[in-house]
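Below you'll find the structure, written out as structure tokens, and then a few comments.
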Amino acid sequence: MADNGRFKALKRDLVEKNERAYGAEVRDRWGDAAADAANARLMGLSQEEFERARRLEAEVRAEVLAGLADGDPDGSHGAAAARAHAGWLQLFWPEGTYTPEAHALLAQSYLADERFRAYYEAWAPGAAGFLVRAIEALAQEFAS
């Protein structure tokens, strides 16, 4: 299989895994059109965009950990984490659907949904709350 074929298979595998794990919930909550658009967005990512998503995810983690060390979610590390997270979301959300307000609403689920909380808390205790506060600060910045 050519590199491009492997890359397409990787994306297809991710879509299938997400559908098995979360598809019914996503479709029930936001509808088939939103789920299908998100899947199409992932399938349409170029290798460059996909690698950018991986770099942004690593940047979010690094900035959250650095911000936890300095204890200031409204500081430079919090802002960098929130902006990197926003960039990551924009790669996966359907074109034109990202808003800072929607980002902040999603972030609330990082505290309310144990699956999200566990993902971020595996980085370090307090990581979920730090990231949520940083995202909320970013949304406030745009609202001002």
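The values are calculated or read from the model by the stated rules, or taken from the named source; none is laboratory data. Keep in mind that this is a model prediction, so the values were computed, not measured. Here Cβ is always computed from backbone atoms with ideal geometry, including for glycine, and neighbour counts include all displayed protein chains. Ligands, DNA and RNA are stripped out before the accessible areas are found, and what is left, the full protein with its side chains, is counted by its heavy atoms. Shrake-Rupley method; radii C 1.70, N 1.55, O 1.52, S 1.80 Å.
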- Query: Using the C-alpha atoms of the range 1-69, what convex hull volume per residue, in cubic angstrom, is computed?
  - Reply: 114
- Computed helical MRE - 222 nm, the chain, DSSP H runs ≥ 4 contributing -39500 (n - 2.57), nearest 500: -26000 deg cm²/dmol
- Message: If I model a spin label as a point 7 Å beyond the Cα along the Cα-Cβ vector, how far apart are those points for residue 47 and residue 137 in nm?
- Response: 3.8
- Query: Ignoring ligands, DNA and RNA, what accessible area per residue does the range 36-96 give at 1.4 Å, in Å²?
  - Reply: 52
- Query: How big, on average over all directions, is the shadow cast by the Cα convex hull of the chain, in nm²?
  - Reply: 9.1
- What GluC sites (Glu not before Pro) in the range 41-110 are in a loop by DSSP, with at most 15 other Cβ atoms within 10 Å of the Cβ? 95
- Task: Report the calculated FRET efficiency for residue 66 and residue 24 (r = Cβ-Cβ distance, R0 = 41 Å), to the nearest 0.05.
- Result: 0.65
- In degrees, nearest 10, the alpha-carbon axis of helix 100-112 is tilted away from the dominant principal axis of the alpha carbons of the chain by 80
- Message: Given a 1.4 angstrom probe, I'd like the percentage of the accessible area of the chain that is carbon and sulfur, rounded to a whole number.
- Response: 55
- Message: Which order do the peptides 35-46, 5-16, 127-138 come out in when sorted by mean C-beta neighbours inside 10 angstrom, highest first?
- Response: 127-138, 35-46, 5-16
- Largest-first ordering by accessible area, 1.4 Å probe, given options 98, 119: 119, 98
- In debye, nearest 20, what is the charge dipole magnitude of the chain about its Cα centre with +1 on Lys and Arg Cβ and -1 on Asp and Glu Cβ, if you could check? 440
- Query: Excluding ligands and nucleic acids, what accessible area in Å² is computed for residue 29 using a 1.4 Å probe, to the nearest 10?
  - Reply: 140
- Task: Compute the relative contact order of the chain as a whole-number percentage, counting only Cα pairs closer than 8 Å that sit 6 or more residues apart in sequence.
- Result: 24
- Find how many whole Å separate the alpha carbon centroid of the range 1-45 from the alpha carbon centroid of the range 109-144. 24
